[in-house]
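Participant: Provided herewith is a single structure, encoded as structure tokens, for subsequent inquiry.
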Amino acid sequence: MKKIRKAIIPAAGLGTRVLPASKAVPKEMLNIVDKPAIQYIVEEAFNSGIEEVLIITNRGKGAIEDHFDHAFELETKLEGKADKKDILDSVKQCSKFGNIYFLRQKETGGLGHAVLCAKSFVGDEPFAVLYGDDVIISENPVTKQLIDAYNKYSKCAVGVKEVPTENVMKYCSLAVEHLEGNNYICNDMIEKPKKEEILSNFSILGRVILTPDIFDILENTPKGAGGELQLTDAMKAIAKRDGVIAVDYDGTRYDMGNKFGILQANIEVGLNHPEVKEQLKSYIKEIAKTL
Ligand code: UTP
């Protein structure tokens, strides 16, 4: 079985749910305390053993490329200032994560279409997809948890969580049977189901491991919900044929494509951040008295 070395981060969506914040700044670049969302995701990929990352971007998303490049002028200015060493290191780190490539999705054709754009990057290897607006904070990186499941069962794997019914209808729903621990086998799934079509409250949230046969399937999958090519519709074919492993992962997921998700991420990550946690705790306690 081939090792999983490559990851795709689709980050070319329009981010309509967080407009106007995402008008000129890609939603994947929205901040969580001191880093843009996509940096958490890139760190997760490399911390999971991924060697090459392809970020799918779009017009107006150039800030993502700049973030992972050297900032020569900034670095030169900070160089030699002893009291700015930590800041300089954190700036330099952004250009040192590993091999990051960029590709433009020329039309916003949906998540399935974004993944299809990565066909020649992926070649004939299994690969990970990390959704560009889903930040997941965990001790053991979630992509690593999914890679372990792929290696154990030799099947594609999807990261899942049980979510309230109104969210299942916005995301997707999976038919699952328990295998062991936090692993389930999934033989069917549906994108944005109507209430009567719900298979379970398990939805795919943010991470999947796929085999390259997904590209042929995507090429033959008609447009689905919202007139877009849906990755779930193609993964459904793999689920029905071979089954996929649904991993109820350990980790907290923040939806950076949604206003409340951005607030949650900043508060919860802030409460664990050594520089601001005490100040934030006192502030929350104080403001809670007025609610
Ligand atoms: P979403 O459906 O959450 O993103 O896709 P969106 O289309 O930006 O959301 P709204 O509905 O307009 O608010 C999940 C991930 O897939 C990427 C997005 O950037 C996001 O990170 N995506 C989505 C693409 O790369 N290309 C697409 O055509 C659609």
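Participant: What is the distance, in nm, between label points placed 7 Å from the Cα along the Cα-to-Cβ direction at A288 and at L14?
Facilitator: Here the modelled spin labels are 4.0 nm apart.
Participant: Solvent-accessible area of H70, probe 1.4 Å, all protein chains present, reported in Å² to the nearest ten, please.
Facilitator: Around 100 Å² of this residue is reachable by solvent.
Participant: Further question on the same structure: Counting just the Cα atoms, what span does region 1-101 cover along each of its three principal axes? Round to the nearest Å and put the largest first.
Facilitator: Largest to smallest, the principal-axis extents are 44, 43, 22 Å.
Participant: Sum up the charges of everything whose Cβ sits under 14 Å from the Cβ of P20, counting Lys and Arg as +1 and Asp and Glu as -1, but leave P20 out.
Facilitator: Neighbour charge sum, excluding P20 itself: +4.
Participant: Looking at the chain, which longest stretch skips every one of the GluC sites (Glu not before Pro) that is in a DSSP loop with at most 15 other Cβ atoms within 10 Å, leaving the sites themselves out? Write down the numbers at each step before the final one.
Facilitator: Values: sites that count: E51, E79, E107, E139, E275.
Of all site-free stretches, the longest is 140-274.
Participant: Round to the nearest 10 and give me the degree value, 0 to 90, for the angle of helix 277-288's Cα axis relative to the longest principal axis of the chain.
Facilitator: Its long axis makes an angle of about 80 degrees.
Participant: By accessible area of protein heavy atoms, probe 1.4 Å, what ranking do S95, S173 get, highest first?
Facilitator: S95, S173
Participant: Further question on the same structure: Just add up the charged neighbours of E65: K/R +1, D/E -1, any other residue whose Cβ is under 12 Å from the Cβ of E65.
Facilitator: -1
Participant: log₁₀ I(q)/I(0) of the chain at q = 0.12, 0.16 Å⁻¹, via Debye over equal Cα point scatterers, no solvent, to two decimals?
Facilitator: -0.79, -1.36
Participant: With the chain treated as a Gaussian network of Cα nodes joined by springs under 10 Å, which of A234, A114, A45 yields the largest mean-square fluctuation?
Facilitator: Result for the chain, Cα springs under 10 Å: A234 fluctuates most.
Participant: How far is helix 259-270 tilted off the main Cα axis of the chain, in degrees rounded to 10, range 0 to 90?
Facilitator: On a 0 to 90 degree scale, this one is about 60.
Participant: Less than 16 Å from a label point 7 Å out along the Cα-to-Cβ axis of K85: which backbone N atoms in region 266-291 qualify, by residue?
Facilitator: none
Participant: Please calculate the 1.4 Å probe accessible area of D188, with all protein chains present, and give it to the nearest 10 Å².
Facilitator: 40
Participant: With a sphere of radius 13 Å drawn around the Cβ of L271, what net charge do the other residues whose Cβ falls strictly inside it have (Lys, Arg +1; Asp, Glu -1)? Walk me through the numbers before you get to the answer.
Facilitator: Working: positive: K277, K281, K285; negative: E268, E275, E278.
Here the charged neighbours net out to 0.
Participant: Of all alpha-carbon pairs in region 108-231, indicate the percentage at a distance above 20 angstrom.
Facilitator: 46
The values are calculated or read from the model by the stated rules, or taken from the named source; none is laboratory data. Since the model is a prediction, treat every value here as computed from it, not as a measurement. When we count neighbours, we look across all protein chains shown, and the Cβ atoms used for this are built from the backbone with ideal geometry, even at glycine. The accessibility values were calculated without ligands, DNA or RNA, using every heavy atom of the protein model including side chains. Shrake-Rupley method; radii C 1.70, N 1.55, O 1.52, S 1.80 Å.
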